[in-house]
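In what follows, a structure is listed as C-alpha cells, so that the remarks can point back to it.
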Amino acid sequence: MKAWVRYVTVLMFLFCGTLVHAGTVLVAAAPNIKFAFDNLEAAFHQQTGIAVKPVYASSGALTQQIEAGAPYDVFLAADTKYPEHLYTAGMTASAPKVYAYGTLVLWSKAPMNVTNWQALLKGPEIRKIAVPNPRLAPYGLQALRALKYYHLFDPLKGKIIYGENLLTVIQYVDVGAAEVGFTAKSLMVAPEMRGRGHWVEIPQSAYKPIAQSAVLLKRGASNPDAQKFLAFVYSPAGRRILKANGYRLP
C-alpha cells in the first residue's frame, strides 16, 4: 500500500470519527454529483430525518481510499469501472447499478464563443485547457477521448493542465489558471453556476457514454440508513432530482 494512501485512510478515520456521528450515512461521491447530491441529501433528510455526509474526490481516488479501509457506506461513482472493480474484489454488499448518465461539457468563465469550441481551443486566446486527471477521473478520460476523436489532442497537449478532479478544474478556470476546462453538465446547470461564463456540450459521439454506478459497500450492509439512502437515489423522487440536475437516466 502506498504511503500516501495509508495517510489518507488515517485522515478519513479521524474525519469520520470526529465529524460523523452514529446513524449518519457516509457517502463517497464523485465531484460531478456535488450539486445534485445537495438536493438528494436535502430531500432524503426531509423525508426520513436521516443525516447523510458526502466526501468528494475522483472515483479512482475514492476507490483507493475504500481499498485502504476508509469507512464509507455508499459509493456514488462517475463510471462503472471502479464500482465493478470493488465488487469483483469482494468489497461491496451488492452489485453496482447505473443511476445516471453524465454529459461532458467545455466551460469558459470569460465571454468566449464556445459554440465553435474546436477552433477556439486551437486559437491564441486559449493558453491553458483544464482537464480532470484521466488516470483517476472518468470525465477526464472521456475529455481526452473527445480531443483524440477530433484529432486535437496532439496539437493541444502543450496547453493541457490536469486537475485532480472536476471541482479542481472549475477552480482552475475560476481563478484564471486556465481559460477553459472540461467538466460535467450536472455542475454547469446548478443554480450556483448559472450565469457564470459559457459552456457547450461535447457531442456524445466523440466519447464513450459516461454511465455512473452506485454500490452499497460492506460497511453499509450493517447500516439500514445507508440502504435507505441508496434506494432513495433510484426512487422516482431521486430520479427527478438527477434529471433536473442535467443527467440522463438509465
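The values are calculated or read from the model by the stated rules, or taken from the named source; none is laboratory data. None of these values were measured; they are calculated from a predicted model. Methodologically, a virtual Cβ is constructed for each residue, glycine included, from the backbone with ideal geometry; neighbour enumeration extends over all protein chains shown. The accessibility values were calculated without ligands, DNA or RNA, using every heavy atom of the protein model including side chains. Shrake-Rupley method; radii C 1.70, N 1.55, O 1.52, S 1.80 Å.
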Between residue 127 and residue 150, with labels modelled 7 Å along Cα→Cβ, what's the label distance in nm to one decimal, could you check? 2.2 nm
Rounded FRET efficiency, nearest 0.05, which uses the C-beta distance separating residue 221 from residue 116 and R0 of 35 Å: 0.10
In the stretch 130-250, carbon and sulfur make up what percent of the accessible area (probe 1.4 Å)? 54 percent
So with the 1.4 Å probe, I'd like the accessible area per residue for the stretch 103-250, rounded to whole Å². 46 Å²
Simple SL model, points at 7 angstrom along Cα→Cβ for residue 95 and residue 45; separation in nm is 3.4 nm
The pairs in 159/208; 128/243; 81/208 lying past 20 Å Cα-Cα in this model are 159/208; 128/243
Stretched out fully, how many nm does the piece from residue 201 to residue 174 gain, at 0.36 nm a residue minus the Cα gap? 7.8 nm
Under 5 Å, built H, 5+ apart or other chain: amide partners of residue 210: 102
Between residue 240 and residue 161, take the C-beta separation as r, use R0 = 35 Å, and let me know the FRET efficiency to the nearest 0.05. 0.45
Do you know the relative contact order of the stretch 142-216, to the nearest whole percent, from alpha carbon pairs under 8 angstrom that are 6+ apart? 38 percent
What is the Cα centroid distance between the stretch 94-108 and the stretch 195-250, reported in whole angstrom? 6 Å
Matching label for the computed mean projected area of the Cα convex hull in nm², out of (1) 20.0; (2) 13.4; (3) 15.4, is (2)
By how many degrees, between 0 and 90 and to the nearest 10, does the Cα long axis of helix 3-19 differ from the longest principal axis of the chain? 60 degrees
